[in-house]
Amino acid sequence: MNITRSLVVLMLAFASGSVVAAECPALLQHELPKLRSKDTVDLCSQFQGKALVVVNTASHCGFTPQFKGLEALYQRYKEEDLEVLGVPSDDFFQESDDEAETAEVCYVNYGVTFTMTQTQPVRGRDATPLFRELAEQAGAAPRWNFYKYVVDREGRVVAHFSSKVKPDDPRVIAAVEKALAR
């Protein structure tokens with residue numbers, strides 16, 4: 001009897017685990033190492049059910065001042081469940097090899113409070129699974145640093161923007177508001 005009860009409990013545990021995984025969009029079923037930390041960012045647990053702006057960043061790029069606009073966007077909409085995820089990348093050869101320097105640029109120079117990961121590849125065969133999925137949904141991989149993807153609460157890309165489009169551009173704001181409304 002105890003063995004039967006144990007098997008039922010185990011089956012229910014497995015079933016509920018698969019339900020949780022099914023609720024989390026494929027886009028978010030990944031983990032990335034957090035910047036200047038031994039912790040990882042579990043995308044499902046942190047971002048599931050929220051609108052999200054994912055951006056590949058670089059510390060030594062002409063677009064690096066967009067960190068200010070990204071932080072302002074985050075502050076403006078975070079109470080409505082918008083998250084911003086910054087993913088440093090050296091795919092365009094403008095990110096420091098020193099993680100401490102990357103963190104200083106983000107946190108000290110630009111006052112970033114949104115989530116930042118360690119440096120990751122964001123395009124091509126070596127791209128992280130998150131960026132492969134973003135590129136597949138959007139039909140476009142990052143062409144340069146500060147390429148922005150706006151993702152709705154269900155894990156679907158609703159818009160993507162080139163580096164030249166600033167975070168406070170009306171098109172970005174409209175896409176964020178659309179993602180929040182879904």
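The values are calculated or read from the model by the stated rules, or taken from the named source; none is laboratory data. None of the values given here were measured: they were computed from a predicted structure. Cβ atoms come from the backbone with ideal geometry, glycine included; neighbour counts cover every protein chain shown. All accessible areas refer to the heavy atoms of the entire protein, side chains included, with ligands and DNA or RNA removed. Shrake-Rupley method; radii C 1.70, N 1.55, O 1.52, S 1.80 Å.
So if the hydrodynamic radius of the range 41-96 is defined as the Kirkwood radius over C-alpha pairs, what does Stokes-Einstein give as its diffusion coefficient at 25 °C and 0.890 mPa s, in µm² per second? If you can, show how the numbers build up before the last one.
Working: Rh = 12.2 Å.
Taking Rh from Cα pairs, D becomes 200 µm²/s.
Each label point is 7 Å from the Cα along the Cα-to-Cβ direction; what then is the distance between the points at ARG156 and LYS178, in nm?
According to this spin-label approximation, the distance is 1.1 nm.
For the chain, which whole percent of the accessible surface, found with a 1.4 angstrom probe, sits on carbon and sulfur atoms? Mind dumping the intermediate values first?
Values: 5010 of 9470 Å².
Accessible surface attributable to carbon and sulfur in the chain totals 53 percent.
Using +1 on the beta carbon of Lys and Arg, -1 on that of Asp and Glu, and nothing else charged, what's the dipole of the chain about the Cα centre, debye to 20? Write out the running numbers ahead of the final one.
On the way: 20 positive and 25 negative charges, 105 e Å.
In total the dipole reaches around 500 debye.
I need the phi-derived Karplus couplings for the range 172-181: 6.51 cos²θ - 1.76 cosθ + 1.60, θ = phi - 60°, integer Hz, Gly and Pro marked x.
5, 4, 4, 5, 5, 5, 5, 5, 6, 6
If you roll a 1.4 Å probe over the heavy atoms of the protein chains, what accessible area per residue do you get for the chain, in Å²?
Here the residues of the chain average 52 Å² of exposed surface.
Whole-Hz Karplus ³J(HN,Hα) for the range 42-47, in order, using 6.51 cos²θ - 1.76 cosθ + 1.60 and θ = phi - 60°, x for Gly and Pro?
Karplus-based 3J(HN,Hα) across the range 42-47 equals 7, 4, 4, 5, 8, 10 Hz.
On a full-extension model of 0.36 nm per residue, what is the gain between ALA100 and ARG36, subtracting their alpha-carbon distance, rounded to one decimal in nm? Walk me through the numbers on the way to the answer.
On the way: separation 64, 0.36 × 64 = 23.04 nm, distance 0.68 nm.
Difference between extended and current length: 22.4 nm.
Put one equal scatterer on each alpha carbon of the chain, apply the Debye formula with no solvent term, and list log10 I(q)/I(0) at q = 0.17 1/Å to two decimals.
-1.03
Give the angle, between 0 and 90 degrees and rounded to the nearest 10, that separates the Cα long axis of helix 129-138 from the longest principal axis of the Cα atoms of the chain.
70 degrees
Please identify which residues in the range 109-135 have an amide N closer than 15 Å to a label point set 7 Å out from the Cα of GLN46, following the Cα→Cβ vector.
112-120, 129-131
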